[in-house]
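One structure is given below, encoded as structure tokens.
The values are calculated or read from the model by the stated rules, or taken from the named source; none is laboratory data. The structure displayed is predicted, hence computed values, not measured ones. Virtual Cβ from ideal backbone geometry, glycine too; neighbours counted across all protein chains shown. When the accessible area is computed, the model is the full protein with side chains, heavy atoms only, and any ligands, DNA or RNA have been set aside. Shrake-Rupley method; radii C 1.70, N 1.55, O 1.52, S 1.80 Å.
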Amino acid sequence: MTPPLQPRSSRKIRVLHIDDSAVMRSLLRMVLEPQPSIEIAATASSGQEGLATFERIRPDLVLLDIEMPGMDGLEVLSSIRRKNRRVPVIMCSTLTSRGARITIEALARGAADYVTKPGAQNGLRQGVETLTRELLPKIFALFPPEPRPSAMRAPEPPRLSPPPSAAQPPKILVIGVSTGGPAALEVLLPKIPANFPLPILIVQHMPRLFTSLLAERLNGLCPLRVREAAPDTRAEPGCIDIARGDWHLELVRDMHLRLNQNEPENFCRPSVDVLFRSAAALFAGRVLGVMLTGMGSDGLQGSRAIRSAGGVILAQDAATSVVWGMPGSVANAGLANKILALDALPAEILRIVSNPVPHPRVEALAP
């Protein structure tokens with residue numbers, strides 16, 4: 001589920017690693033030290049030591065264990081966020097129900113992303129390979145390549161879609177999100193009122209264990225009912241369905257939900273493209289799609305399908321995205337009707353649903 005690694009400029013990413021496990025500190029060192037663009041600026045074996053070190057060295061990135069004696073990862077994260085709102089923090093969690101629940105809480109509190117710790121039974125070599133595959137793309141997504149001085153010039157603003165002509169109100173709201181998703185969804189979804197007239201379907205890139213806990217958490221925060229999508233159920237107004245981890249989610253005839261384990265698309269299962277395409281096929285131009293923060297470009301082709309059918313696409317802006325990969329790919333392709341800050345999206349969604357701005361069918365969009 002990870003895209004190819006990206007190169008970076010000569011400025012190194014200074015990392016602080018906080019973990020009480022000597023084994024994990026050793027594994028991370030083996031993964032990060034060969035990377036010419038990354039420097040392990042310091043390590044700490046406790047939360048208290050980690051916070052003191054954070055103040056002293058001011059790192060670019062923090063890798064933070066969740067379960068530590070004394071001050072645990074959530075407490076450390078909250079303290080870091082009080083001191084610095086912007087420094088990215090990647091949590092290191094165990095693939096257990098408890099680990100997943102705490103990880104969801106950490107992401108909601110502002111952690112940028114997470115990786116699951118390799119199991120002890122996997123061995124040293126496999127542990128290094130797993131962390132290399134899972135962690136490095138997330139680091140490089142948070143620190144994208146910087147342009148060389150000779151190539152620097154004022155960036156061109158993303159192209160917005162053509163002016164409107166005619167449209168019908170949407171019948172479905174579909175949302176794609178990845179890195180930074182839980183925190184973004186906690187801003188967006190609680191602002192959707194209980195009388196919202198459309199079903200809402202969401203693809204959030206997460207493993208199976210995590211998506212059910214995310215739905216449970218959001219259900220306690222939102223006026224609408226939130227559930228993990230299940231086969232042979234129907235999308236309904238007043239309900240938000242979140243795609244089950246490791247299963248694609250499709251919308252089929254009579255608003256039924258279909259789950260499948262077809263091959264991943266864009267390294268992802270569930271894939272935003274799968275959901276968006278199915279919505280466009282079922283409802284043509286009566287689809288409202290929203291692309292939120294996330295790395296990679298999953299959702300680009302699905303957004304193209306929605307726009308080609310005459311639907312509407314909104315994209316989160318770069319300033320409020322943890323990673324402007326998924327919304328950025330849509331915006332830069334000229335597929336977004338509007339590019340908005342996260343906190344402006346709920347009002348725009350409600351405006352379109354109550355008084356839709358018409359958008360023309362687009363037969364040929366730029367690749």
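Tabulated results
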item	result
M255-S97 FRET efficiency (beta carbon distance; Förster radius 25 Å; 0.05 resolution)	0.20
Amide H contacts of R14 (H built 1.01 Å from N, under 5 Å, at least 5 apart or other chain)	E39, D60, L61
Placed amide H near K117: partners under 5 Å, 5+ positions off or other chain	S93, T94, L95
Violating pairs (Cα-Cα greater than 30 angstrom) within the set K83/K191; K83/K338; K191/K338; K12/K191	K83/K338; K12/K191
Stokes-Einstein D in µm²/s, Kirkwood radius over Cα pairs - region 200-255 at 25 °C with 0.890 mPa s viscosity	216
Relative contact order (%) - region 286-352, alpha-carbon pairs under 8 angstrom, separation at least six	36
Hypothetical label at S26: residues of region 60-83 whose amide nitrogen lies under 16 Å (7 Å Cα-Cβ projection)	none
Percent carbon-and-sulfur accessible area, region 169-269, ignoring ligands, DNA and RNA, probe 1.4 Å	49
Gain on full stretching of the segment that runs from R351 to R125 - 0.36 nm per residue minus C-alpha separation	76.0 nm
At least 20 Å along the helix axis (C-alpha) and Kyte average at least 0.0, DSSP helices within the chain	124-142
Nonlocal amide H pairs with E228, under 5 Å, H built at 1.01 Å	I242
At q = 0.13 Å⁻¹, base-10 log of I(q)/I(0) for region 40-87 (Debye sum, equal scatterers on each alpha carbon)	-0.24
Base-10 log of normalised Debye intensity for region 1-101 (one unit scatterer per alpha-carbon) at q = 0.14 Å⁻¹	-0.54
Stokes-Einstein D (µm²/s) once Rh is taken as the Kirkwood radius of the chain over alpha-carbon pairs, at 4 °C in 1.567 mPa s	61
Surface accessible to a 1.4 Å probe, per residue, for the residues of the chain, Å²	43
Hz values of 3J(HN,Hα) by residue in region 285-291 - Karplus curve (6.51, -1.76, 1.60), Gly and Pro given as x	x, 9, 10, 10, x, 10, 10
Debye intensity ratio I(q)/I(0), log10, region 38-153, q values 0.14, 0.16, 0.17 Å⁻¹ (C-alpha model)	-0.63, -0.80, -0.89
Signed unit charges on C-beta, dipole axis of the chain, positive-most listed residue S26, A280, G310	G310
For region 165-244, radius of gyration divided by Kirkwood radius, i.e. Rg to Rh on alpha-carbons	0.97
Check: the chain dipole with +1 on Lys, Arg Cβ and -1 on Asp, Glu Cβ, in debye	640
